[in-house]
1. Can you name every one of the helices (runs of 4 or more DSSP H) wholly within segment 116-189 that holds 3 or more residues which are of a type in the set (Asp, Glu) and over 23 Å from the mean Cα position of the chain (by Cα)?
2. Given the structure, is residue 17 modelled with pLDDT of 95 or more and either assigned by TED's automatic domain parsing to the domain that holds residue 381 or assigned to a loop (DSSP other than H, G, I, E, B) (or both)?
3. Run residue 279 past the list (1) at pLDDT below 95; (2) within 30 Å of residue 378 (Cβ to Cβ); (3) of a type in the set (Lys, Arg) and report the number of the one that doesn't hold.
4. Being farther than 29 Å from residue 242 by Cα and of a type outside the set (Asp, Glu), is that true of even one residue in segment 374-393?
5. In the list 41, 48, 36, 52, which residue meets the criterion of being within 25 Å of residue 84 (Cα to Cα) and loosely packed, with under 12 Cβ neighbours inside 10 Å?
Amino acid sequence: MLDVTLIRQQPERVREALRKRAVDADLPAFLALDTRFREARTVVERLRGERRRISAEIALRRRAGTAADDDLRATATALADQVTEAEAELAQLAGEHQRFLDALPNLPDDDVVAGGKEHNEVVRVVGTPQPGFTGRDHVQLAQDLGLVDHRRGTALAGNGHWIYRGDGAALEWALLNHFLDSHRRAGYEFVLPPHLLTYEAGYTAGQFPKFADEVFVVEAGEDGRPERFLLPTAETALVNLHRGETLDERELPLKYVAYTPCYRKESGSHRTADRGTLRGHQFNKVELFQFARPEDSDAAQFELLARAEELVAGLGLHYRVTKLAAGDISPAQAKTYDVEVWLPSLGAYTEVSSVSNAREYQARRGGIRYRPEGGGKAAYVHTLNASGLATSRLLPAILEQHQRPDGTVMVPEALRRWGVPDLLG
């Protein structure tokens, strides 16, 4: 969440940053609420202090064998009632206060442009797209080569599901092994997290309460909120690894890599752009995550971006890097770069990695701090994540970019050590 002190001291800066996301928050109303909330908190603290003083006086008289007079007992009773009433008012104001803060997205960095995806900036293009594409699209290739079974996947689980089979399953597993091996050799600790998470995990990640209806709920509370849900990405689990902890600065940065299936309510349609494995309710992804010192987080984001690019380039794929505009960035993030592979059949790019810096937004929600090595007040860490990589969109790119005129597909050399044939077909 945002720092309430920043809102109090620089409301216009916060308002302008939010407007880059097309979010028009009523900050004057919140600041008025914030004043009432702080005043109510002061009243409660004063009344509690007075109640403690009166209680101590009554206890002192009892120890001295002197009964408290009627006026003192009446004062104690009245104070107890006042405390109860003041606490109820404070709880109501605190709830309104928290709900407003919970609904605010992160502030985009100063160098992030305003607007939606139409304002995304292409940072660089690597390789050359194939002109005049005349080959088969990834859906046809996967079917002809027996790599993906959409019909039986739909029969088993409904629309938005598929089955990798034979060399398709081997290729999918090779991609995951290749990515994990690369990240582990780079010093990332391998994590296999639970697929079922609690509401607090979704809240810390910044997905709840606003996006609670976008996850697959396994267990709902009486108020309908998802008490347990299937993780939509390993980021949701990894950001919670140190929830509520104060880390030692000497431990930072902490670097993790996780493999999980990802479960999303979104799925594809009959459109070419959504067919095949491009969009679905379940897909595989390797996720990178870092907990970093604030002064190191910019460098950490570029490190994560370099790791994602290295993997895509190592598969011999044409791709580009795009810096997202404020309106296209996830609400919990301050800056995001997308790595997008070229799909010749669509004449378009599709994202295979989002590399994001949440600054201290998620750490505030999860209470994740670090203690400076030289002493001093604990500060919030910065959290960063990157897909490293999502495989369901890589497979279409590999099939289309590496297909040959005879209908076969050349497998990238980096994957052959994992038992995939050199040639599919």
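1. Numbers: elements: 138-144, 150-157, 167-185.
Filter on segment 116-189 gives 167-185.
2. On the way: modelled with pLDDT of 95 or more: yes; either assigned by TED's automatic domain parsing to the domain that holds residue 381 or assigned to a loop (DSSP other than H, G, I, E, B) (or both): no.
Here the answer is no, as residue 17 does not meet what is asked.
3. (2)
4. Yes, there is a match, as at least one residue in segment 374-393 is farther than 29 Å from residue 242 by Cα and of a type outside the set (Asp, Glu).
5. Working: 41 fails: loosely packed, with under 12 Cβ neighbours inside 10 Å; 48 fails: loosely packed, with under 12 Cβ neighbours inside 10 Å; 36 fails: loosely packed, with under 12 Cβ neighbours inside 10 Å.
Answer to the check: 52.
The rows are residues; the columns are (1) in the same structural domain as residue 35 (by TED's automatic domain parsing); (2) under 30 Å from residue 345 (Cα atoms).
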| site | (1), (2) |
| --- | --- |
| 77 | yes, no |
| 85 | yes, no |
| 90 | yes, no |
| 93 | yes, no |
| 111 | no, no |
| 123 | no, yes |
| 126 | no, yes |
| 141 | no, yes |
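The values are calculated or read from the model by the stated rules, or taken from the named source; none is laboratory data. No experiment lies behind these values; they were computed from the predicted model shown. Methodologically, a virtual Cβ is constructed for each residue, glycine included, from the backbone with ideal geometry; neighbour enumeration extends over all protein chains shown.
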